[in-house]
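Chemist: Encoded as structure tokens, here's the structure I'll be asking about.
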Amino acid sequence: MKFITILLLFCITIHNQSANPVQPTLDQALLALPNTKSIANFNLTLNKLKNINPTFFTKRHKAIVYMHGCAGLGYYEKLDMRLLADQGYLVYAPDSFARPDKKISCDAKKKQGGLHREVLALRLLEAKAAIDFLHTQAFIDKDIVLAGFSEGAITTAKYPHNDIHKKLILGWTCNAGWPEYIGLEGPLDLKVQAILSDKDPWFQTPYLAGSCNKFMYNRPEARSLVIMHNKHYVGDQDIAKKAIVQFLKN
């Protein structure tokens, strides 16, 4: 009956937080289970597991909170989720577009960001809520990894709290015109891996150019990898995949 108790606690948590404006991003979160290719709604997946694999809830699972890019949980985000799940992680991806008042922050077709400056503060609240939620779940290991792509990578880079184990930053330079977007936050001894294309078309403006490397001089566990590539998405490149796999193993 242990798994039933866990699911009841989960439902109580959702009910008690219904007034929270961030809550819809958790309710509509996507989930990839460890070592699987399937991605589906978090709540629906847990309800199915209750019936078909109740022993899933009897042990702790490594987990990653994955923050999507400015266009939402699309094709590339799901590629990332599957790669991370292949490494034995439960991957939990809150959906920022579940907010009823969600504003558009980019034009993906034009490769233009910066349309909603306040979006970073909102995404940071979503990341914190997701991490706090997973920390309450008895079947989740306490050492949670925060990962993100594009706008989600900015969120990951700027996440300031000490309640995560590692950061994986995919497709961000840590450089910006707005000061609150610049650099890295969080404990100086946190393990960080940043991966970026050298000719990323989103970052051709001088104030966006560069890499996260210059913000890592006082971070002994942080690494920046700039690969020879002309696309924004890096998760399909072999050198990036190898770096991600190695980072998650260590």
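Every read-out reported here was derived from the displayed coordinates using simple, explicitly stated rules and does not represent laboratory data. Here the structure is a predicted model, which means the values were calculated and not measured. With ideal geometry, Cβ positions are generated from the backbone for all residues, glycine too; neighbour counts draw on all protein chains shown.
Chemist: What is the gain in length, in nm to one decimal, between Trp178 and Lys111 on full extension, counting 0.36 nm per residue of separation less the C-alpha to C-alpha distance?
Modeler: Values: separation 67, 0.36 × 67 = 24.12 nm, distance 1.78 nm.
Using 0.36 nm per residue and subtracting the Cα-Cα distance, I get 22.3 nm.
Chemist: Note the angle between two axes, namely the Cα long axis of helix 119-135 and the longest principal axis of the Cα atoms of the chain, as a number of degrees from 0 to 90, rounded to the nearest 10.
Modeler: 40 degrees
Chemist: Using Cα Rg over 2.2 N^0.38 Å as the read-out, say which of (i) 1.47; (ii) 0.98; (iii) 1.19 was calculated from these coordinates.
Modeler: Read-out taken from this structure: (ii).
Chemist: Given H placed 1.01 Å from N in the peptide plane, which residues other than close sequence neighbours of Ser224 have an amide H under 5 Å from its amide H?
Modeler: Under 5 Å from the amide H of Ser224: Ala194.
Chemist: Only Cα pairs within less than 10 Å get springs; with that Gaussian network setup on the chain, which residue of Ala147, Ala63, Ala240 has the largest fluctuation?
Modeler: Looking only at Ala147, Ala63, Ala240, the largest GNM fluctuation is found for Ala240.
Chemist: Could you pull out the GluC sites (Glu not before Pro) across region 178-245 that fall in loop regions by DSSP (anything but H, G, I, E, B) with no more than 16 other Cβ atoms inside 10 Å? Could you put the intermediate results ahead of the total?
Modeler: On the way: sites: Glu180, Glu185, Glu221; in loops: Glu185, Glu221.
Hits after loop and neighbour filter: Glu185, Glu221.
Chemist: Between Asp141, Asp200, Asp189, where does the largest GNM mean-square fluctuation fall for the chain, given springs only between Cα atoms within less than 10 Å?
Modeler: Asp189
Chemist: Could you please rank Trp178, Trp202, placing first whichever residue has the fewest other Cβ atoms within 10 Å of its Cβ? Mind showing how you got there, number by number?
Modeler: Details: Trp178 10, Trp202 20.
If I rank by nearby Cβ atoms, fewest first, I get Trp178, Trp202.
Chemist: Something else: Gap in Å between the Cα centre of region 131-159 and the Cα centre of region 30-91?
Modeler: First find each Cα centre; the distance between them is then 13 Å.
Chemist: Only sites in a loop by DSSP and with at most 15 other Cβ atoms within 10 Å count here; which chymotrypsin sites (Phe, Trp or Tyr not before Pro) in region 74-139 make the cut? Don't jump to the answer; show the numbers that get you there.
Modeler: Values: sites: Tyr75, Tyr76, Tyr89, Tyr92, Phe97, Phe133, Phe139; in loops: Tyr89, Phe139.
For chymotrypsin sites (Phe, Trp or Tyr not before Pro) across region 74-139 that sit outside H, G, I, E and B with at most 15 neighbouring Cβ atoms in 10 Å, the list is empty.
Chemist: Enumerate by residue number the GluC sites (Glu not before Pro) in region 22-127 meeting two conditions: DSSP loop (anything except H, G, I, E, B), and at most 12 other Cβ atoms within 10 Å of the site's Cβ.
Modeler: Details: sites: Glu77, Glu118, Glu126; in loops: Glu118.
Filter output for region 22-127: Glu118.
Chemist: If you don't mind, another one. Using just the helices of the chain, give the 222 nm mean residue ellipticity in deg cm²/dmol: DSSP H runs with n ≥ 4 each add -39,500 (n - 2.57), and the total is spread over all residues, rounded to 500.
Modeler: Details: 7 runs with 80 residues, N = 250.
Only helices count here, giving -10000 deg cm²/dmol.
Chemist: Under the Karplus relation 6.51 cos²θ - 1.76 cosθ + 1.60, θ = phi - 60°, what is the ordered set of whole-Hz ³J(HN,Hα) values for region 226-241, x standing for Gly and Pro?
Modeler: Running phi through 6.51 cos²θ - 1.76 cosθ + 1.60 with θ = phi - 60° gives 10, 9, 7, 6, 10, 10, 6, 7, 10, x, 9, 8, 4, 5, 5, 4 Hz.
Chemist: Restricting to the chain, compute how many DSSP beta bridges are antiparallel as a %, nearest 5.
Modeler: On the way: 8 of 32 bridges.
DSSP beta bridges in the chain are roughly 25 percent antiparallel.
Chemist: Using alpha carbons only, how many degrees (0 to 90, rounded to 10) separate the axis of helix 75-86 from the longest principal axis of the chain?
Modeler: Orientation of helix 75-86: about 60 degrees from the principal axis.
Chemist: Please give the helix 42-52 orientation as an angle from the longest Cα principal axis of the chain, in degrees from 0 to 90, rounded to the nearest 10.
Modeler: Compared with the principal axis, the helix lies near 40 degrees.
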